């Protein structure tokens, strides 16, 4: 099974926080699962900056989520939104969300 866990990385820059507020969080998702040769692999998925309340909800959801295959950030966010009825408030719109908006 593949397991996922968020790892908070910031923002930690005082000037950025002063300009944009202290209600943002971002970092990475640490991914653990069976690798080649039976080793567990730690992989990292970049996690864009989002509202800190959404970050907390997403983190809690990820703690109980497992998959058979490795999932992308887009797939994880889609299922999170579907299961929790939560739309993540991003600081910048992720590239796949921009593509969705442009295809309409």
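In the set (1) in contact (Cβ under 8 Å) with a residue 40 or more places away in the chain; (2) in contact with a helix residue (DSSP H, G or I) (Cβ under 8 Å, 6 or more places away or on another chain); (3) in a helix (DSSP H, G or I), the condition left unmet by residue 83 is number (1).
Based on this model, can you work out whether residue 71 counts as surrounded by 17 or more Cβ atoms within 10 Å (Cβ to Cβ) and part of a loop (DSSP other than H, G, I, E, B)? When the stated conditions are applied, residue 71 passes them. Evaluating residue 53 against the criteria (1) out of contact with any strand residue (DSSP E or B) (no Cβ under 6 Å at 6 or more places or on another chain); (2) closer than 21 Å to residue 3 by Cβ; (3) modelled with pLDDT of 95 or more leaves one unmet condition, (2). Out of all the residues in region 23-39, is one or more in contact with a helix residue (DSSP H, G or I) (Cβ under 6 Å, 6 or more places away or on another chain), modelled with pLDDT of 90 or more, over 18 Å from residue 95 (Cβ atoms) and assigned to a loop (DSSP other than H, G, I, E, B)? Yes, that holds for at least one residue.
The values are calculated or read from the model by the stated rules, or taken from the named source; none is laboratory data. None of the values given here were measured: they were computed from a predicted structure. Heads up, the Cβs are rebuilt from the backbone with ideal geometry, glycines too, and the neighbour counts pull from every protein chain shown.
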